[in-house]
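The values are calculated or read from the model by the stated rules, or taken from the named source; none is laboratory data. Remember, predicted model here, so these are calculated numbers, not experimental data. Here Cβ is always computed from backbone atoms with ideal geometry, including for glycine, and neighbour counts include all displayed protein chains.
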Amino acid sequence: MSYESPKGPIESEKRIMVPALPIMDGEVNATLELMKQFPNVVAYGMLLLDNPKHAMAQLVRKKWSEISNLTGDRFVLFSFERPATWTENYVCYWRNRLGSEFEPTWKKWQDAVDPGTAYSYMSLFKPALTPNDLPCLVLFTDPEERKGVIRPIPDWDEDSLFDLLRAIATTVQESADKPKEERLEWLAEELTSPSARFRASAGHAGSLALDYCKQHPAKVASIGISLVLALSGAGVLVLPPALVAVINVLKDTIPGAKESNK
């Protein structure tokens, strides 16, 4: 394992970009516990990247720490990609956050994920996603809701994609002022018709983002949670922590969910 030189004090950094990992029966759901430690979070994002050579996948590997700092304390972003190196500050931050669960969780975070893992998740949505829908970012605003916003990711250069992520993170921060029940639809609208603040946050990619978002609108999709419950209980699917957290909450809130998971 290699580390980059730490930059700035740990206390000033917000580290809420997390590697996606499988959680099997009988294991402690460290991610669910982790989510409980961030009461200010208003959205959880999951990057579904189908091609490790796509600029977004390369960006995640190269600038993990920078993207992590973009998210602030209201946006948790999960990714199947892993950074080329881990900063010492990142390691220390999560060691403090996870406590006794750090070592087993950290070990899993470093494990590589098979290329094309994103394809396993297309059928979880209603209607199902197609290969043409990937790569994309899926946003969840409430772990008890069976819906998510799907924001397609363009085929841009790394710098432009970083600017796009910054604008999306800014939009998520803004959504904190919206009523919880309206937040998901509001994000879908903002990520289809970007506001002036979104474009300003996107910097030189602002005009690109405006055109792309209108041509490729974000959409709200339902999630076939009963199927996910059944498959996750059998350990068939490797689910990202964000979705696993949704499942664990729904086991106790949706009638019949417990039975479907047996």
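A few points about this structure:
- Check on Asp155, outside any loop (DSSP other than H, G, I, E, B), in contact (Cβ under 8 Å) with a residue 24 or more places away in the chain, under 20 Å from Tyr212 (Cα atoms) and not aliphatic (A, V, I, L, M): no
- Test: residue in the range 123-132 that is among the hydrophobic types (A, V, I, L, M, F, W, C), at pLDDT below 80 and either in a loop (DSSP other than H, G, I, E, B) or touching a helix residue (DSSP H, G or I) at 6+ places or on another chain (Cβ under 7 Å) (or both): yes
- Which listed residue is without any contact (Cβ under 8 Å) to a residue 60 or more places away in the chain, buried (at least 17 other Cβ atoms within 10 Å of the Cβ), acidic (Asp, Glu) and assigned to a helix (DSSP H, G or I), from Glu189, Glu174: Glu174
- Residue list for the range 39-92, restricted to those being closer than 14 Å to Leu161 by Cβ and of a type in the set (Phe, Trp, Tyr): Trp64
- Qualifying residue in the range 144-151 (condition: of a type in the set (Lys, Arg) and assigned to a helix (DSSP H, G or I)): no
- Ala209 being of a type outside the set (Val, Ile, Thr) and under 24 Å from Ser68 (Cβ atoms): yes
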